[in-house]
Protein chains: 2
Amino acid sequence: MRPTVTEIEVHDVRFPTSEELDGSDAMNPDPDYSAAYVVLRTDGTEETGGGPAEGHGFVFTIGRGNDVTAAAIRSLRPHLVGRPAPLTAADLGALYRELTHDSQLRWLGPEKGVMHMAAGAVVNAAWDLAARQAGKPLWRFLADMPPEDLVELVDFRYLTDALTPDEALEILRAAEPGRAERAALLVERGYPAYTTSPGWLGYSDEKMVKLAQEAVADGFRQIKLKVGADLDEDLRRLRLAREAVGPEVRIAVDANQRWDVAEALRWTRALAPYEPHWIEEPTSPDDVLGHAAIRSGQPVKVATGEHVANRVVFKQLLQAGAVDFVQIDAARVAGVNENLAILLLAAKFGVPVCPHAGGVGLCELVQHLAMFDFVAVSGSWEDRVIEYVDHLHEHFDDPAVVEGGRYRAPALPGSSARMHPGSIAAYRYPDGPQWQARTAARQEGTP
Amino acid sequence: MRPTVTEIEVHDVRFPTSEELDGSDAMNPDPDYSAAYVVLRTDGTEETGGGPAEGHGFVFTIGRGNDVTAAAIRSLRPHLVGRPAPLTAADLGALYRELTHDSQLRWLGPEKGVMHMAAGAVVNAAWDLAARQAGKPLWRFLADMPPEDLVELVDFRYLTDALTPDEALEILRAAEPGRAERAALLVERGYPAYTTSPGWLGYSDEKMVKLAQEAVADGFRQIKLKVGADLDEDLRRLRLAREAVGPEVRIAVDANQRWDVAEALRWTRALAPYEPHWIEEPTSPDDVLGHAAIRSGQPVKVATGEHVANRVVFKQLLQAGAVDFVQIDAARVAGVNENLAILLLAAKFGVPVCPHAGGVGLCELVQHLAMFDFVAVSGSWEDRVIEYVDHLHEHFDDPAVVEGGRYRAPALPGSSARMHPGSIAAYRYPDGPQWQARTAARQEGTP
């Protein structure tokens, strides 16, 4: 018998990462990596394992406002409680459409910001549940679906001037023959990764150089540096990094939306002699035309996407020829379904997808989408890399594992999103012991 | 002495408008017009009147999710409590920048959706307070500011490829000489309005025709019909409306984001023989390139803006030549400051601003921006009209008044956003008596 959703449980979980300047960049000087975390409870039993059947998902934030996002997730409760657990492609398509087209909630976006990210967390939790019940890791659960089912998952509204359902079906069918071989290859070799761990703005030159050398020794063929606060410092850091990693390793740079168009052109031209692999988020994620002007006005390739609000903006970035790399994020748009639309759009335009990750849980989650893309959509990992940051993985049941510069394909059922109950309890904000201790220390005046 | 902000008070206020199908359109079949309402309390006394010095603002929503928006406003409390009341242009510029650039909250947008609308409500409440303390209606408070002060209010980040601070200053200085004359003219004649009251999709033909005739008799020179659910019905309704109002009165049509690009082209070409004055929101508000394709591919002029998330998207709509009319909304972007940026962008590109209004409180609030635009920015009301819907004005202290098809210039101090305390108490959700009665009736099974 199909289980029924009995409750949604929502937790405000925050990690005090700002204390170490991990994650510091030109626009985000003090992030506390956080998750507005949701558990879909059901009255069923796990197909494998025998525990309760449940699904886990989250919105990633960087601290303040995590409570607002948690409230947004809670507001979706009436769509879920009492609903038969969504386990098939048809169910998961229906749930996604229902959450993003609620006739009143839609006003709060439409399809952007807090409400949209909340829908994404719930959609992803439903996928986690469905993949667990199917006994498959999410990437394989997706890659085993027939092209016709995958097309049904997508909301083509506002996309058909760039991608029709028939074109999507064609893309998926073209990738069908090699699925089994690519899945085997993926399990054998893992998926290429790059690391941002050396490059945070708050790190000293020494720390950056040491971490960059370690990254290369660990097998990474690409690293990334944060830029955009001071041009002279950026030039120095880029030179030091290039010396540290040698001529063969790619160095991407990331401005985190710091610039206007003219400033982006000036700055990127100055960095160009050091041959950065891409310039990431040179300006506002909403500025399709600005990205197009930046891409055409200087020699460095352009990447963006972690803050792109939805598939409609990605569509335009591709239509306008504004990006060389599409950086999907697992927890910004409305979950697996919307990311599938974005993977299909990227495939249509022949632009490689290089997912954004890091934060907390984003590596765990997004690896499934890139691996599915390799097996069943683009069919390629050429010029494709998943971001990796070596932070906070210890809080997850099935942590992302990177070895020799490659993500190991997850083997356990689900989306890898499940956080240890002990971590949730310890870092719940503001009542978990980790935060209570900090509040007490602050009140006593100790740092 | 300058007062200090002592508290922010937030109310979830909802009106059960869905019971009458008022406000029904192709995408929003059942809106309950709502306000996430904020009062900035201070320890000061009103300059005029002698009551407590306070500022009122709100996010407009259509029901569900109003609680999420209220939570977002509450999350801004640390930026406000203990702050000297922002009364000058410099203060109001600083508050706006602080709220929209909070280094952690920014992740929830950036500058879009729930968090951005919440910032807008607070910014607008601060403007209400400042205008009250200056003893002027908001439009005049703004129109009395020197161009240099107005430029300081704007965040030019991401705008400078289309509008620089110097260009903004030039626009404002060019409009300076005629300010007094235009203000006098505005007070004498009022500002042109159009009415959407006849055109909701849920209304019968008879009701629509009767309301259209009444609108013309009341002096309106433009009405608007909702379209997009069924082409044959739209053609019939447009024909009936044209017969009812005669050849001289403008009929705008509004698709509320219903279409993809190809569908918008097909549908709008079919409506074109009835000479609609504009097609509003033909597709996704995020789709700059889609609007450009629609504008260039059929003869009807294109209007959009009520759901456009921020100044960066407006900038692109203007850069791409995608719109003939810019429809600002007082409660979607981050308040007066961001709308000033949008007014300046529209002036730079020579595109008329025709504000979106209706809902609850939107007419009250946005009239000030259009009037300020007339007096001190564009200097013109040619081809400009403010939307008017005759709903829910009775809940406000200083309700919008339209006579002879024109908005009367508000004379009382403030932004006209203050709702009667009795209305807030009655319609508070879910605990106000109006909602308790409905809950009780529903539980008894009566409609």
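The values are calculated or read from the model by the stated rules, or taken from the named source; none is laboratory data. Nothing here was measured: the structure is a model prediction, and the numbers come from that model. Cβ: placed from backbone, ideal geometry, glycine included. Neighbour counts: every protein chain shown.
When restricted to residues that are of a type in the set (A, V, I, L, M, F, W, C), surrounded by fewer than 21 Cβ atoms within 10 Å (Cβ to Cβ) and touching a residue at least 24 places away in the same chain (Cβ under 8 Å), segment A:203-226 contains 2.
Taking helices (runs of 4 or more DSSP H) as the structural unit, those lying wholly within segment A:230-318 and holding at least 3 residues that are of a type in the set (Lys, Arg) correspond to A:231-245.
The residue list B:Asp91, B:Asp102, B:Asp12 contains one member that is charged (D, E, K, R) and either within 23 Å of the chain's Cα centre (by Cα) or assigned to a strand (DSSP E or B) (or both), which is B:Asp12.
Of all residues in segment B:314-340, those being more than 20 Å from B:Thr69 (Cβ to Cβ), within 13 Å of chain A (Cβ to nearest Cβ), crowded, with 24+ Cβ neighbours inside 10 Å and of a type in the set (A, V, I, L, M) number 1. Residues in segment B:382-395 that are assigned to a loop (DSSP other than H, G, I, E, B) and touching a strand residue (DSSP E or B) at 6+ places or on another chain (Cβ under 6 Å): B:Val385, B:Val389, B:Asp390. Scanning segment B:410-442 for residues that are part of a loop (DSSP other than H, G, I, E, B) and either over 27 Å from B:Met371 (Cα atoms) or among the hydroxyl-bearing types (Ser, Thr, Tyr) (or both) turns up B:Ser415, B:Ser416, B:Tyr429, B:Pro430, B:Asp431, B:Gly432.
Table: residues versus (1) more than 8 Å from every other protein chain (Cβ to nearest Cβ); (2) closer than 15 Å to B:Ile342 by Cβ; (3) touching a residue at least 24 places away in the same chain (Cβ under 8 Å).
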site: B:Leu99; (1), (2), (3): yes, no, yes
site: B:Leu105; (1), (2), (3): no, no, yes
site: B:Arg140; (1), (2), (3): yes, no, yes
site: B:Ala143; (1), (2), (3): yes, no, yes
site: B:Tyr158; (1), (2), (3): no, yes, yes
site: B:Thr164; (1), (2), (3): yes, no, no
site: B:Leu169; (1), (2), (3): yes, no, no
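For first residues located in segment A:396-409 and part of a strand (DSSP E or B), partners that are of a type in the set (Phe, Trp, Tyr) and lie 6+ apart or on another chain with Cβ distances below 8 Å form the pairs A:Val402/A:Tyr388; A:Arg406/A:Tyr191; A:Tyr407/A:Tyr191; A:Tyr407/A:Tyr388. The residues in segment A:51-95 that are modelled with pLDDT under 95 and crowded, with 18+ Cβ neighbours inside 10 Å can be counted, and the count is 0.
Considering segment B:53-78 alone, what residues qualify as being more than 11 Å from B:Arg14 (Cβ to Cβ), facing chain A (nearest Cβ under 7 Å) and assigned to a helix (DSSP H, G or I)? B:Val68, B:Thr69, B:Ala71, B:Ala72, listed by residue number.
Just one of (1) assigned to a helix (DSSP H, G or I); (2) touching an Asp or Glu at 6+ places or on another chain (Cβ under 6 Å) fails for A:Thr160. It is (1). Pairs meeting the criteria (first residue in segment A:64-78 and on the phi < 0 side of the Ramachandran plot, second residue among the acidic types (Asp, Glu) and in a loop (DSSP other than H, G, I, E, B), beta carbons under 9 Å, at least 6 apart or on different chains) are A:Arg64/A:Asp32; A:Arg64/B:Asp102; A:Asn66/A:Asp32; A:Leu76/A:Asp102. Is one or more of the residues making up segment B:363-379 part of a loop (DSSP other than H, G, I, E, B), farther than 23 Å from B:Glu148 by Cα and not assigned by the TED database to the domain that holds B:Met117? So far as segment B:363-379 goes, no, none of its residues is part of a loop (DSSP other than H, G, I, E, B), farther than 23 Å from B:Glu148 by Cα and not assigned by the TED database to the domain that holds B:Met117. Criterion applied to A:Pro285, A:Pro273, A:Pro299 was being without any contact (Cβ under 8 Å) to a residue 12 or more places away in the chain and either away from chain B (no Cβ under 14 Å) or touching a helix residue (DSSP H, G or I) at 6+ places or on another chain (Cβ under 9 Å) (or both), and the one residue passing it is A:Pro273. Which residues, taken from segment A:107-132, are within 11 Å of chain B (Cβ to nearest Cβ) and among the β-branched types (Val, Ile, Thr)? A:Val114, the sole residue that qualifies.
Listed here are the residues, each with its yes/no results for (1) in contact with a Ser or Thr (Cβ under 6 Å, 6 or more places away or on another chain); (2) of a type outside the set (A, V, I, L, M, F, W, C); (3) surrounded by 23 or more Cβ atoms within 10 Å (Cβ to Cβ).
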{"site": "B:Leu345", "(1), (2), (3)": "no, no, yes"}
{"site": "B:Phe349", "(1), (2), (3)": "no, no, no"}
{"site": "B:Val360", "(1), (2), (3)": "no, no, yes"}
{"site": "B:Val377", "(1), (2), (3)": "no, no, yes"}
{"site": "B:Arg384", "(1), (2), (3)": "no, yes, no"}
{"site": "B:Pro430", "(1), (2), (3)": "no, yes, no"}
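Among the residues of this structure, A:Phe141 counts as one that is in a helix (DSSP H, G or I), more than 16 Å from A:Ser378 (Cβ to Cβ), under 22 Å from the mean Cα position of the chain (by Cα) and not charged (D, E, K, R).
Among (1) away from every other protein chain (no Cβ under 14 Å); (2) in contact (Cβ under 8 Å) with a residue 60 or more places away in the chain, which single condition is A:Ala94 missing? Of everything listed in (1) away from every other protein chain (no Cβ under 14 Å); (2) in contact (Cβ under 8 Å) with a residue 60 or more places away in the chain, A:Ala94 misses just condition (2). If you go through segment B:184-194 and keep only what is buried (at least 19 other Cβ atoms within 10 Å of the Cβ) and out of contact with any Lys or Arg (no Cβ under 7 Å at 6 or more places or on another chain), you end up with just B:Leu186.
Read through the list (1) out of contact with any Lys or Arg (no Cβ under 8 Å at 6 or more places or on another chain); (2) among the small types (Gly, Ala, Ser); (3) more than 14 Å from chain B (Cβ to nearest Cβ); (4) crowded, with 20+ Cβ neighbours inside 10 Å, then give the number of the only condition that A:Gly135 fails. Here A:Gly135 meets the rest and fails (4). For segment A:15-50, the candidate set comprises residues that are among the acidic types (Asp, Glu) and part of a loop (DSSP other than H, G, I, E, B); within that set, the residue that is surrounded by the fewest Cβ atoms within 10 Å (Cβ to Cβ) is A:Glu47. Can you find a residue that is surrounded by 20 or more Cβ atoms within 10 Å (Cβ to Cβ) and within 14 Å of another protein chain (Cβ to nearest Cβ) anywhere in segment A:148-156? So far as segment A:148-156 goes, yes, one or more of its residues are surrounded by 20 or more Cβ atoms within 10 Å (Cβ to Cβ) and within 14 Å of another protein chain (Cβ to nearest Cβ). Screening the candidates B:Ala262, B:Ala241, B:Ala229 for the property of being at negative phi, more than 22 Å from the chain's Cα centre (by Cα) and surrounded by 24 or more Cβ atoms within 10 Å (Cβ to Cβ) yields one hit, B:Ala241.
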